[in-house]
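Undergrad: Got a structure for you, written out below as C-alpha cells; questions coming shortly.
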Amino acid sequence: MSYPYQIHSIEDYHAAYQKSVETPESFWADIASHFTWHQQWDEVLNWNFYDPKIEWFKGGKLNITENCLDRWVEKQPHTPAIIWESNDPHTPSRTLTYQELFEEVCRFAHVLTQNGAKRGDRICIYMPMVPELAIAVLACARIGAIHSVVFGGFSAQSIADRIQDAQCNLVVTADGAYRGNKTIPLKSVIDEALLTCPSVQKVIVLTRTNTPVSMMKDRDCWWEDEMKKISAQGNLPFKAAIMDAEDMLFILYTSGSTGKPKGVVHTCAGYMVWANYTFVNVFQYKPGQVHFCTADIGWITGHSYIVYGPLSAGATTLMFEGIPTWPDAGRFWEIADKHQVDILYTAPTAIRSLMSFGTEPLQGKKLDSLKTLGTVGEPINEEAWHWYDENIGRKNCPIVDTWWQTETGGVMISNLAGITPSKPSFATLPLPGIQPILVDEKGSLVEGNEVSGNLCIRFPWPGMLRTTFGDHERCRTTYFSTYENLYFTGDGCLRDKDGDYRITGRVDDVLNVSGHRIGTAEVENAINRHTGVVESAVVGYPHDIKGQGMYAYVIFNGIHVNEEQTRKDICETVANIIGAIAKPDKIQFVSGLPKTRSGKIMRRILRKIAEGAVDNLGDTTTLLDPLVVEEIKSNKL
C-alpha cells in the first residue's frame with residue numbers, strides 16, 4: 001500500500017506547494033478523492049474570512065469512521081490498529097487489530113444509542129488513556145454525535161464549564177485513572193461536576209482502577225455491563241451515520257485570553273483530509289511502522305495524531321497511559337524498544353524534563369528502530385533539540401519541529417521528515433495549502449526575509465476551525481477581526497534569510513511601559529538570547545512610575561554564582577537587542593514555568609503572582625506540574 005499524495009522529494013514538495021497555492025480547489029479535490037464517500041461534493045470550497053464562513057467539500061456525504069475502520073477492515077483486518085501500553089510497566093500491553101477495533105467501536109455505538117444518544121448530541125468524554133477512550137471517540141463519530149473530550153486532569157469546575165457550554169446529555173468516564181504513582185478518582189470528579197449540569201441524563205463508567213464510586217440509579221451504568229448486553233443481542237455491526245461534510249465532528253475546549261474556555265469546532269470532511277494528509281507527509285509514514293505520539297487524547301495532538309490521522313491512514317498507533325518519568329526516566333525509551341517504535345512524537349517540555357536526568361536512563365536502550373522524531377506544543381530550544389538529536393535519534397533520525405494549534409486541526413508549518421531540511425528551533429516551511437504571511441501591528445505586510453512580525457494565514461485550509469461552539473462572534477473577534485481578511489494565529493514569528501519560519505511566542509500580551517507598546521514575546525526572545533537562559537516568560541505588573549512594569553521569570557542553566565550580576569547581564573542583553581526601554585524591572589530565577597500539558601505557559605498565573613494576588617490563582621490542577629507554582633510564589637521578588 002502507498003499513499004498517492006505522499007511527498008517523496010524536495011522537488012515533490014515545491015511542486016505540491018505551488019499547485020496548492022495556484023489551484024487549491026483541484027489540489028484538495030484530488031487528495032479527497034482517495035477517501036471513502038457516500039456522495040461526491042458539489043463544491044470544493046466556499047469561504048470568506050469576514051463572517052467567517054469556511055466550507056470544504058460542501059454537499060459531500062461520508063462518515064469519518066468508515067475511513068478510519070471499515071476500509072482497513074476490508075484491506076488489512078489483522079494489522080494492529082492500536083497498541084496500548086499501561087501506566088504499570090509490568091501490566092501486559094494490549095493490541096487491537098483493525099477488525100477488533102471495528103467490532104469494539106460498533107458495540108459501543110450500540111451502547112450509546114441504547115442509552116439515548118443520537119445524531120447531533122454532544123457527549124462529554126472524561127477518561128484515562130486506555131483503548132476505550134479511542135473507542136468512545138470513534139463510536140460517537142460513528143453515530144453522528146459530537147464528542148467533547150476533556151483531559152483527565154481537569155477539575156470538576158472545568159468539566160462543568162465545558163459540559164454546560166456544550167449542553168452535553170451524556171458522559172463517558174471511568175472509576176479512576178492511573179498516572180505515575182497516583183490514582184485519580186475520575187468518577188467522583190464527574191459526580192461533583194454534574195451537580196451543576198442538569199443537561200446530563202446518562203453516565204457510562206468504565207472500570208479501570210477499582211476505585212469505590214457512587215452509582216446513581218437511572219443515571220449511571222457500567223461500561224462492561226452495557227457491552228455484555230450488546231454481545232447478548234448478537235454483536236451486530238453498527239451502520240455508520242451518513243454525515244454531511246460540514247457536520248460537526250467534535251468540540252475541543254482551549255484556553256481563552258478571557259479565562260473562559262473556547263469550544264473550538266471541527267467538522268467531518270475537511271478535518272479528516274487535513275489530519276490524514278499532514279500525518280502521512282510530516283512523519284513520512286510507511287505502512288507497518290509504529291507511530292508513538294506521547295500526547296493525551298484530551299488535547300488536539302491526541303485527536304489528530306493518535307486517533308484520526310493514523311487510523312485514517314491504516315497506521316499502527318501507540319497509546320501510553322503513563323508519564324515519561326515513572327517508574328523511572330527511561331520509560332519512553334523502554335517502550336520504544338519494546339514495541340519497535342518507528343516514529344516518536346513528543347513535547348519539548350518532556351524532552352527538557354528527561355534531559356535533567358542525564359543519559360543514565362538511556363543505558364541499555366537500543367532505540368535502533370526509530371526513524372523519525374518529532375516535537376509539538378511549543379518551539380523547541382536549541383539545547384533540547386541537540387540533546388534529542390544526539391541521544392535519542394543518534395544523529396540518524398530527522399526531527400520534525402511542528403507548529404500548529406487546536407484551531408488549525410493539524411500541522412501547519414514543519415519540515416517533512418527526511419525530505420525538507422530541518423533547522424534547530426525553526427518550524428521551517430509551510431505545508432502545502434498553508435499560506436503564511438507576516439504583518440506588523442497595523443496589518444501591513446512585512447515582506448522579504450530576515451524579518452519578524454505577527455503570523456497570519458491568508459487562505460483557508462481543510463482542517464481549520466469553523467466556529468467556537470455557541471458563540472460565532474467570539475470566533476470572528478478572536479481570529480478574524482485583528483487583521484482584515486486574515487486568520488490571525490496570535491503568534492509572533494521570524495522569517496530568516498532562507499525563508500524558514502521560527503515561532504517566537506504569543507503576541508497577545510502587549511505591555512504599555514511609559515507609553516511605549518512592548519510585546520512580551522519580543523522581550524522573551526531577547527532574554528532567551530542570553531547565554532545560559534533556557535526559557536523565560538514576561539508579564540506586566542502595576543508600576544508606580546511607568547504604569548506597567550515588566551516581570552520576567554527566567555529558567556537559567558547553571559549555578560547562580562551572582563544572581564544580581566546575572567540580572568544585570570540579562571538586562572544588558574535585552575537593551576542591546578530591543579533597547580533600554582524593554583529592560584525587565586524584575587527578574588526572578590525559577591526552576592520551571594507553569595505549563596499546560598500541551599506546553600502552553602499559563603501567563604495568567606504568572607501575572608497574578610507578579611501583581612501580588614497569590615491567593616487568587618484559580619485552578620492549577622490542570623498544569624503539567626502544579627508544584628512549580630508553589631515554588632514561584634514562595635520566591636516572589
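Undergrad: Within the group M355, M412, M319, which residue is hydrophobic (A, V, I, L, M, F, W, C) and closer than 28 Å to G532 by Cβ?
TA: Numbers: M412 fails: closer than 28 Å to G532 by Cβ; M319 fails: closer than 28 Å to G532 by Cβ.
Residue meeting the stated conditions: M355.
Undergrad: Is it the case that the stretch 188-197 has a residue that's surrounded by fewer than 18 Cβ atoms within 10 Å (Cβ to Cβ), modelled with pLDDT under 95 and farther than 30 Å from A245 by Cβ?
TA: yes
Undergrad: Of all residues in the stretch 43-89, which are touching a residue at least 24 places away in the same chain (Cβ under 8 Å) and among the aliphatic types (A, V, I, L, M)?
TA: Those that are touching a residue at least 24 places away in the same chain (Cβ under 8 Å) and among the aliphatic types (A, V, I, L, M): L45, I54, L62, I64, L69, V73, A81, I82, I83.
Undergrad: May I ask you to list pairs of residues, at least six apart or on different chains, whose Cβ atoms are under 7 Å apart, with the first in the stretch 614-637 being touching a residue at least 12 places away in the same chain (Cβ under 8 Å) and the second being part of a helix (DSSP H, G or I) and of a type in the set (G, A, S)?
TA: D619/S158; T622/S158
Undergrad: Return the residue satisfying two criteria in turn: it lies in the stretch 198-220 and is within 18 Å of A136 (Cβ to Cβ) and in contact with a Gly (Cβ under 7 Å, 6 or more places away or on another chain), and of such residues it is surrounded by the most Cβ atoms within 10 Å (Cβ to Cβ).
TA: R208
Undergrad: A follow-up question, please. For the stretch 440-455, indicate whether the set of residues that are among the aliphatic types (A, V, I, L, M), loosely packed, with under 15 Cβ neighbours inside 10 Å and in a loop (DSSP other than H, G, I, E, B) is non-empty. Reasoning before the result, please.
TA: The initial filter retains those residues of the stretch 440-455 that are among the aliphatic types (A, V, I, L, M), namely 445-446, 451, 455.
If we keep only those that are loosely packed, with under 15 Cβ neighbours inside 10 Å too, we end up with 445-446, 451.
Remaining after also requiring in a loop (DSSP other than H, G, I, E, B): 446.
Yes, there is a match, as at least one residue in the stretch 440-455 is among the aliphatic types (A, V, I, L, M), loosely packed, with under 15 Cβ neighbours inside 10 Å and in a loop (DSSP other than H, G, I, E, B).
Undergrad: Would you be able to tell me the number of residues in the stretch 584-637 that are of a type in the set (G, A, S) and farther than 21 Å from G298 by Cα? Quick ask: steps written out before the conclusion?
TA: First, the residues of the stretch 584-637 that are of a type in the set (G, A, S): 591-592, 598-599, 610, 612-613, 618, 634.
Filter again for farther than 21 Å from G298 by Cα, leaving 591-592, 610, 612-613, 634.
Summing the residues that are of a type in the set (G, A, S) and farther than 21 Å from G298 by Cα in the stretch 584-637 gives 6.
Undergrad: Being surrounded by fewer than 20 Cβ atoms within 10 Å (Cβ to Cβ) and β-branched (V, I, T) is the filter here; which residues of the stretch 165-183 pass it?
TA: T183
Undergrad: From Y285, Y271, grab the single residue that is surrounded by 19 or more Cβ atoms within 10 Å (Cβ to Cβ), hydroxyl-bearing (S, T, Y) and within 26 Å of P421 (Cα to Cα). Spell out the reasoning first.
TA: Details: Y271 fails: within 26 Å of P421 (Cα to Cα).
Result: Y285 is the single residue among Y285, Y271 that is surrounded by 19 or more Cβ atoms within 10 Å (Cβ to Cβ), hydroxyl-bearing (S, T, Y) and within 26 Å of P421 (Cα to Cα).
Undergrad: May I ask you to list the residues in the stretch 281-307 that are closer than 16 Å to A347 by Cα, of a type outside the set (A, V, I, L, M) and assigned to a loop (DSSP other than H, G, I, E, B)?
TA: Those that are closer than 16 Å to A347 by Cα, of a type outside the set (A, V, I, L, M) and assigned to a loop (DSSP other than H, G, I, E, B): F283, T294, D296, G298, W299.
Undergrad: Test T317 against the stated conditions and say whether it is within 20 Å of M272 (Cβ to Cβ), in contact with a helix residue (DSSP H, G or I) (Cβ under 6 Å, 6 or more places away or on another chain) and hydroxyl-bearing (S, T, Y).
TA: Working: within 20 Å of M272 (Cβ to Cβ): yes; in contact with a helix residue (DSSP H, G or I) (Cβ under 6 Å, 6 or more places away or on another chain): yes; hydroxyl-bearing (S, T, Y): yes.
So T317 fits the description; yes.
The values are calculated or read from the model by the stated rules, or taken from the named source; none is laboratory data. Because the structure is a prediction, the values reported are computed rather than measured. Counting neighbours? That spans all protein chains shown, and the Cβs are built from the backbone with ideal geometry, glycine included.
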